[in-house]
Every structure is written in C-alpha cells, then in structure tokens.
Amino acid sequence: MTDLNVMLAYFLSVLGVSAFLGLLLRRRGGRLAVLAELLAAFSLAACRLEVRSMEELGEWAGVGPDVTFTVLFLTLLAHAACWPVVSSNPSVNLLHFLLQEAPLRTTLLRLLLQLAGAHLAWLSAGHYWALELTDMHMIKSLMGSECSTVLRTSLLLGSATEAVCSLTFHLLLLALQRRSALLQVPLLALTLTLLSYAASTSSAGFANPSLAYAVTFNCPGFSFLQYAIVYWLGPLVGVVLAVFIYMGHIPRLFSKNLLYSQRSRFRTPKRKEEGAKKSS
C-alpha cells in the first residue's frame, strides 16, 4: 500500500505541475503556447513509464494486472482532463493535418515538441527511480538502463496490431469530435485502456508514437528502425485508414469521395411528384 501511495503522489504531482505550467503558457499566448505540447507529452510519458514499471515489477510488490490497468485508465482520464486542447499524440496531429485543420509547419513543430517531451520524460524517469522511494524503484535502479521490450511478436504482426489500434482509436475520435467532453474523455480513455489490454501480449497497443518511443525504443531486442516500423509506421497507416473510412476521402490529398455518395439530405417523395404532374 505504501508503494501505491508513493505512485499516486507521483502521478498527481506530475499531472498537476505540468498542467499548471501549461495553463500559464496558454494564457501568455503567442509562440510560447505551443510549448504546452512538450509539457503534455512529458506528463503523459512520465506517467506511462511509471505504469510500465508496475507491469514489469508489480508482482514483486503484490500489484496485479487489474490494479495496473485501473491505474492506466485513471491516468489517461486525468491527463485528458488536464489537457483538454492538447493532444500529446503525434497521430492526432497528423489526423488534423490530413483533415486540413492544421498547416504542415505547425504539425511538424508539434511532432518535434511531443517527441522532445517524451525523451525528457524517459531521462527524468531514470533519475526518479534512482531515489528508490519504493521496492519497485529500487529494482528499476539496480536494472539501470535495462528494460524489457513490450514488442513480443514479429514486426509484421506488431505493425498490424498498432495499425488496428490506431484505426480504432481515431475512428472513435472522429465520431466523438462534436460530442461533449463529459462523454468524449472517458470513452477515449477507456478505449485506449482496452486496446492496451488486448494488445498486451503483442505490441501494447499504444496508438501514440511519442509514448511508444519513451516506453520501449530504448529497450534491447529490436533496433531503432524496427521499433519505428511498428510504432510509427503502424499508427500512420491506421490514421490514414481512419480518415478515409470516416470521410470517404482524404481532404489533404484528394477531394473525390470514393466510399459515400453525395446525396441531398432533403428529397421530395416520388408519389407526391407524380401526383403534382397528373394534376397539372
């Protein structure tokens, strides 16, 4: 219970401090506001790394998978509530770009900031675990830079899994984009948690390239290029498919609708038209 209390305090501190700093940046506006992407990506990756330590070493502290995935859901829920206008996900930025809702320059800048935030979280995690505040942290500190990869399958199957997870998440995101945040936030957090659980034996189902970079790119077993194929190319394919399936076309690339016919929403019934012709 003491370990869980320490972790709870860690989650609250990371989310609270980063959200407060992000609020200050957004209030100042201008060019500094975009730095909120770095803080949001940092807080999400920092929390996810701690959840990953629970997945790896939870059995040593009596923490089962049910507790781990519950903590993951609550973390995603709290993060989305703290950052309502920041995605913390390069795939979501790409989605907005494909929908012509964001220019290329802004999209690339946000991608770089999100990767920088994830890398900063990975660096900070090592220093935090070195404090050895819990038994799990003591083991992580002894392990040093060693970690177990979450990719437990072939590159092809891993890429397909990440693509399907990304497709599922972004289709839901598109379907809920005009819904209330009270409905959107918990459904998206629950979906990401279920995807992570379903893909826990293959690729972890991140559906977030920067998050995957922080959690598993530094673990042995695969090269950087192999990880990039699974966790960057896979979600990219999923996003493109999500836009195409939902819209019938990809606005950034072409405007012709290949899936859905453009019919008028208001049509006159045929019987009334025929009756009008006879009367005339």
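A few remarks follow.
- When Rg and Dmax are taken over the Cα atoms of segment 180-219, they come to 12.0, 39 Å.
- Length-normalised contact order of the chain in % [C-alpha pairs under 8 Å, at least 6 apart]: 22
- Working note: Karplus 6.51/-1.76/1.60 with θ = phi - 60° gives segment 250-256 the couplings 10, x, 6, 9, 7, 9, 5 Hz, where Gly and Pro are set to x.
- Fluctuation leader among Leu104, Leu155, Leu167 - the chain, Gaussian network, Cα springs under 10 angstrom: Leu104
- Estimated inter-spin distance, Leu194 and Leu12, nm [label 7 Å along Cα→Cβ]: 3.0
- Here's the picture: charge each Lys and Arg Cβ at +1 and each Asp and Glu Cβ at -1 in the chain, and of Gln114, Thr68, Cys219 the one pushed furthest to the positive end of that dipole is Gln114.
- For Thr106, Thr216, order by how many other beta-carbon atoms lie within 10 Å, fewest first: Thr106, Thr216
- Ranked by the mean number of other Cβ atoms within 10 Å of their residues, highest first, the peptides 205-212, 3-10, 170-177 fall in the order 205-212, 170-177, 3-10.
- Relative compactness, segment 144-195, computed as alpha-carbon Rg over 2.2 N^0.38 Å: 1.50
- Applying a 4.7 Å Cβ-Cβ cutoff to the chain leaves Cys47, Cys82, Cys165 as cysteine residues with no disulfide-compatible partner.
- Computed log₁₀ I(q)/I(0) - Debye formula, equal Cα scatterers, no solvent, the chain, q 0.15 Å⁻¹: -1.16
- Amide hydrogen neighbours beyond the local backbone of Ser203, cut-off 5 Å, H modeled: Arg152
Where a number appears in this text, it was derived from the coordinates with a stated rule and is not lab data. These numbers were taken from a predicted model, which means no experiment stands behind them. Neighbour counts are summed over all protein chains in view; Cβ atoms, including those assigned to glycine, are modelled from backbone coordinates with ideal geometry.
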